[in-house]
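Coordinate-derived values only; no laboratory data. What you are looking at is a predicted structure, and each value in this text was computed from that prediction instead of being measured. Methodologically, a virtual Cβ is constructed for each residue, glycine included, from the backbone with ideal geometry; neighbour enumeration extends over all protein chains shown.
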């Protein structure tokens, strides 16, 4: 067992179960769960070495605390005075200017987080929400018709799961038709830096900077246009929203656009893909849903999210010394919440290994564990899931998913491709 020095002196042994290796994140979710189950039962808060394949290596990084129980994940999420987001939400230590430019208020702490989030939230007016939901329903219908036209054997991820989030985003913020494909490509790049096939020999940072710069340019052009000629879209509301005299600067708008593009795109795409595979693997659950779709899709959507857990990990950094799960965490140390583990915690879920669309209550942490960083777009994600499966199961009632090709990684639970038949 390797021993490492903590930031505040002393020594500490790394856990015997390795959550940091490339090999661990190349396993299936079910295989990883075997390790999580042991940690939840015996060492719910455990110390681990820095992850392999880090975006940015840091020779002074001693490691991180892994939080695997749902109750502890919620405690960390809701104690924003001790567990800070301002140093980043991924395993790696990333320069502050890059963090804010790509993660907006996701990588901020109060009071700045509070101010920016209030202004952004003010743009989600009831009228905007209704407009977005109408757009989602129309897009879902079109996408399923396009999938049907492509024919049995088409790639479900490419032609369905990926399409609804990017079209929703484009309609929400008014992205011109000419830019939509490139925006989709750039948002893909922001979460695909760990995929050797996607990189094609290029350095991950090169792709990240290139994609981020492009998204900032699109946001800057949209912001300038909407300030001069406001339209009936979220971006117009966003750039003109004001709370207690505060408005978003161009830099704030650009960073929020990157966050909206990435968070609103990949997470919903992955949930749609994983849910389609689960409905294929558990036909009795699919039949139960179809018996009364309108009244059962609400609980089904929550189980889709729990089962998929599209974002597998999020990090915080301890502001002060704090005891959690019987371990003494020192100020400055990284604390990583393992949502995949929390969503299979048998103390919180009865038979968590079952895909159960009637599960209620369903206190999953698939959209985070609450607190000031609760998911701003959760209602939009749920609306997309309701709409796409309503259309799929009505128009292609015998659709089935084939074997997925997964993308190894420690952040997004990603399916790269998956054929479907109908």
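For the stretch 231-336, the ratio of Cα radius of gyration to the globular rule of thumb 2.2 N^0.38 Å stands at 1.59. Between residue 372 and residue 240, the distance separating the two model label sites (each 7 Å from Cα on the Cα→Cβ line) works out to 3.0 nm.
Taking a ≥ b ≥ c as the square roots of the Cα gyration tensor eigenvalues, with a/c under 1.5 meaning rounded and otherwise prolate when a/b beats b/c, else oblate, which class fits the stretch 254-393? Numbers along the way, then the final one.
Working: a/c = 2.75, a/b = 1.57, b/c = 1.75.
Note, shape of the stretch 254-393 comes out oblate.
Binning the C-alpha pair distances of the stretch 1-156 at 5 Å intervals from 0 yields a P(r) profile of 1, 7, 10, 12, 14, 13, 11, 12, 10, 5, 3, 1, 0 %, listed from the shortest bin outward.
Got the relative contact order for the chain handy, in percent, Cα pairs under 8 Å and 6 or more residues apart?
Working: 704 pairs, mean separation 102.6, N = 422.
This gives 24 percent for the chain.
Counting other beta carbons within 10 Å of each Cβ, put 374, 338 in order, fewest first.
Values: 374 13, 338 27.
Least crowded to most crowded, the residues run 374, 338.
Arranged from highest to lowest average of other beta-carbon atoms within 10 Å per residue, in what order do the peptides 104-116, 396-408 appear?
Values: 104-116: 19.1, 396-408: 15.7.
Per-residue Cβ counts within 10 Å, averaged per peptide and sorted highest first, yield 104-116, 396-408.
For the chain, what does the helix formula give at 222 nm: sum of -39500 (n - 2.57) over DSSP H segments with n ≥ 4, over the residue count, nearest 500 deg cm²/dmol? Working shown, then result.
Numbers: 16 runs with 212 residues, N = 422.
Helix contribution divided over all residues of the chain: -16000 deg cm²/dmol.
The separation of the stretch 247-267 from the stretch 346-413, counted between C-alpha centres, amounts to 23 Å.
Taking the convex hull of the Cα atoms, report for the stretch 154-228 its projected area averaged over all directions, in nm².
Numbers: hull surface 22.8 nm².
For the stretch 154-228, the mean projected area of the Cα convex hull comes to 5.7 nm².
On full extension, the segment bounded by residue 141 and residue 291 gains 51.9 nm, given 0.36 nm per residue less the C-alpha separation.
Placing a label point 7 Å from the Cα of residue 406 along the Cα-to-Cβ direction, the residues of the stretch 329-348 whose backbone N falls under 17 Å of that point are 338-345.
Placing pseudo-labels 7 Å out from each Cα toward the beta carbon at residue 92 and residue 150 gives an inter-label distance of 3.0 nm.
Just to verify a number: FRET efficiency for residue 227 and residue 60, C-beta to C-beta distance, R0 = 51 Å, to 0.05?
Values: r = 44 Å, r/R0 = 0.85.
My answer for the efficiency is 0.70.
Regarding the chain, what's the average projected area of the Cα-atom convex hull, expressed in nm²?
Values: hull surface 79.5 nm².
It is 19.9 nm².
How far, in nm, would the chain grow between residue 198 and residue 112 when pulled straight, counting 0.36 nm per residue and subtracting the alpha carbon separation? Spell out each step's value before the answer.
On the way: separation 86, 0.36 × 86 = 30.96 nm, distance 3.51 nm.
Working it through step by step, the gained length comes to 27.4 nm.
Ranked highest first by the average count of other Cβ atoms within 10 Å around their residues, in what order do 227-237, 268-278 fall?
Details: 227-237: 15.9, 268-278: 25.2.
Ranking the peptides 227-237, 268-278 by packing returns 268-278, 227-237.
A protection proxy built from the mean count of other Cβ atoms within 10 Å ranks the segments 318-329, 411-422, most packed first, as 411-422, 318-329.
Taking a ≥ b ≥ c as the square roots of the Cα gyration tensor eigenvalues, with a/c under 1.5 meaning rounded and otherwise prolate when a/b beats b/c, else oblate, which class fits the stretch 328-404?
Cα axes put the stretch 328-404 in the prolate bin.
Here the spin labels are modelled as points 7 Å beyond Cα on the Cα-Cβ line, and at residue 421 and residue 31 they lie 2.6 nm apart.
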